[in-house]
Amino acid sequence: MSERKPFRWHIPIFLAPAVIIYTAVMIIPLFATLDLSLYTTGDDGIHFVGLDNFRTLFGDPRWAKTFWNAFWNNVWFFLINMAVQNPIGIGLAALLSLPGLRFAALYRSAIFVPTILSFVIVGFVWKLILSPIWGIAPGMLTAIGMRHLFEPWLGQETTALITVSLISVWQFIGIPMMLIYAALLSIPEEVIEAAEVDGITGMAQFWRIKLPLILPSIGIISILTFVGNFNAFDLIYVTQGALAGPDFSTDILGTFMYRTFFGFQLQLGDPNMGATIATVMFAIILIGVCLYLFGIQRRMRRYQF
Amino acid sequence: MAMSARSSLPRTVAVHVALITYTLIALFPVFVIVINSMKSRKAIFREPLALPGPGTFDLVGFQTVLSQGNFPLYFGNSLIVTVASLAIVLVFGAMAAFALSEYRWRGNLLMGLYLAIGIMIPIRLGTVAILKGMAAVGLTNTLTSLVLVYSAQGLPLAIFILSEFMRTVSDDLKNAGRIDGLSEYRIFFTLVVPLIRPAMATVAVFTMIPIWNDLWFPLILAPSEATKTVTLGAQTFIGQYVTNWNAVLASLSLAILPVLVLYLVFSRQLIRGITSGAVK
């Protein structure tokens, strides 16, 4: 394909359907949302207000208080997910990839089941289990003589966020497990054999040989967790409602944006402030992704086998 | 977890104990829902962990759900939306992936990057404008609006994964086809597509699960009774019947069932796709 040829019509024809749908339904609305955040809607129509909406969001004490509350809750939500979900996921993958393990496929499928369930199911079943009234959790704690440890975890301001985060961990642990499992399986047998010849086996083998080799996959998991968590909404909505109770202790950016856009109780919905919050979320995710791409991924060594 | 040799008995036992423990944690909530959905109201409260037995077995919950809720309709809606979006993502995604991976042309890299934005930036952030746009063209409360949104959401990752895969298809085969006078379209549909079927199955599973389970877009774009999906339907049903535990548990069981079946059908394919390097 070196000499000059007639225009290759098949290239645009192959690309067009996907690019048109993607551009019309995703890219244009994304930028239109950024644009909407620069306007305000009053009784007399729509006005351009520049960055006023952002000034309101960060400057008005009521808005700022809600925003920063949601932001820090979101940071905690992310940190708990990172600290609990990913190490357990990696550990499970390491166990599953042990050579000659029986029932590996069975375990793998079972552990992935929560990931395929909808948030509605996940939220409701954990509400049931942790409910002080129906009380499977209190009942089970009674059975092992630790009833005094039970608290209404989802209903207390101090514990609600942690509880919701752990439910999220329970739900999504399948993803790091699967990706790390795949990465571990792709380590060539020769590398493992060479390690064994050198007397590096068991835990030492995991820490010194396998872990460095799967670091790129761990990086991908981290960024997936980050984007997923800062975009989360459903789990909080189904367990705690749009008000993200008790007293906004589980409010994150997704629920804050939903309430602002659609209104709740006595407050009217405000599409422009909703778009402003979406823009801030956009910026947060973009900063995170760029930090990962330029800060972490470029320094990571990739091994070619 | 002291591990010395490759297969010592205590080590194997420890590994299995750890995995069984986590498997129980993963499956326990599902188990609780399913067993209690088949019990009488009294039995649900008295012994939530007991299996349904002769005295406690009762399908009243399912009867309520089937007579009160519009579940067959919701189920049909979810099926239409999921299948239509999946078809669009797979066919158009594979076509775009072929254009990106097969030919060298000016703007190829740029187009790849443009499509990759969608992998990292969630489509939800455009919701405000999507709703405005859908209202402007009269698509609110239609299944079409959901299909469009989910197609746009699924395409970027599908194109990325599929184009990685297409690079592994041998050039000799395609060139042989060209020498035989096949058009580029025939080469794509009759030679390339059959070879990347495993990757397409992986993409199908990854695309399908979030679509089936999504609550956000049905809630915002299509909340009318006629267009409710199963996920939204179950959520509203729970809201209305909070105190009717039989019905709530039965509706949850019904919502679990289809995904579980789909997952079991596709799970081997999913694992093969992941381990053969589709997602790395």
Name the single residue, out of those in segment B:239-252 being at the interface with chain A (Cβ under 10 Å from one of its Cβ atoms) and buried (at least 21 other Cβ atoms within 10 Å of the Cβ), that is nearest to the chain's Cα centre (by Cα). B:Leu252
May I ask you to verify whether B:Val137 is surrounded by fewer than 16 Cβ atoms within 10 Å (Cβ to Cβ), among the hydrophobic types (A, V, I, L, M, F, W, C) and within 11 Å of chain A (Cβ to nearest Cβ)? yes
Could you identify the single residue in B:Leu195, B:Leu252, B:Leu219, B:Leu215 that is in contact with an Asp or Glu (Cβ under 6 Å, 6 or more places away or on another chain) and assigned by TED's automatic domain parsing to the domain that holds B:Tyr150? B:Leu215
Since B:Phe188 meets every condition but one in (1) closer than 30 Å to A:Ala105 by Cα; (2) surrounded by 16 or more Cβ atoms within 10 Å (Cβ to Cβ); (3) within 11 Å of chain A (Cβ to nearest Cβ); (4) hydrophobic (A, V, I, L, M, F, W, C), which condition does it not meet? (1)
Say we look at segment A:171-226 and pick out the residues that are acidic (Asp, Glu) and part of a helix (DSSP H, G or I); which of these is farthest from the other protein chains (Cβ to nearest Cβ)? A:Glu190
Look through segment A:7-34, keep the residues that are modelled with pLDDT under 90 and loosely packed, with under 14 Cβ neighbours inside 10 Å, and return whichever of them is nearest to B:Leu90 (Cα to Cα). A:Trp9
Kindly indicate which of A:Phe54, A:Phe31 is on the phi < 0 side of the Ramachandran plot and out of contact with any Ser or Thr (no Cβ under 7 Å at 6 or more places or on another chain). A:Phe31
With the condition being modelled with pLDDT of 85 or more and under 30 Å from A:Ser109 (Cβ atoms), I'd like the helices (runs of 4 or more DSSP H) fully within segment B:21-106 carrying at least 3 qualifying residues. B:71-102
Selection within segment B:114-134 - within 10 Å of another protein chain (Cβ to nearest Cβ), aliphatic (A, V, I, L, M), under 14 Å from A:Thr23 (Cα atoms) and in a helix (DSSP H, G or I): B:Leu115, B:Ile117, B:Ile119, B:Ile123, B:Ala129, B:Ile130
Selection count where residues are more than 10 Å from every other protein chain (Cβ to nearest Cβ) and crowded, with 23+ Cβ neighbours inside 10 Å, scope segment A:91-134: 1
Looking across segment A:16-50 at residues that are of a type in the set (Gly, Ala, Ser) and assigned to a helix (DSSP H, G or I), the single one that is nearest to A:Thr279 (Cα to Cα) is A:Ala32
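The values are calculated or read from the model by the stated rules, or taken from the named source; none is laboratory data. Every value quoted in this text rests on a predicted model; they were computed, and no experiment measured them. FYI the Cβ positions are ideal-geometry reconstructions off the backbone, even for glycines, and counts take in every protein chain you see.
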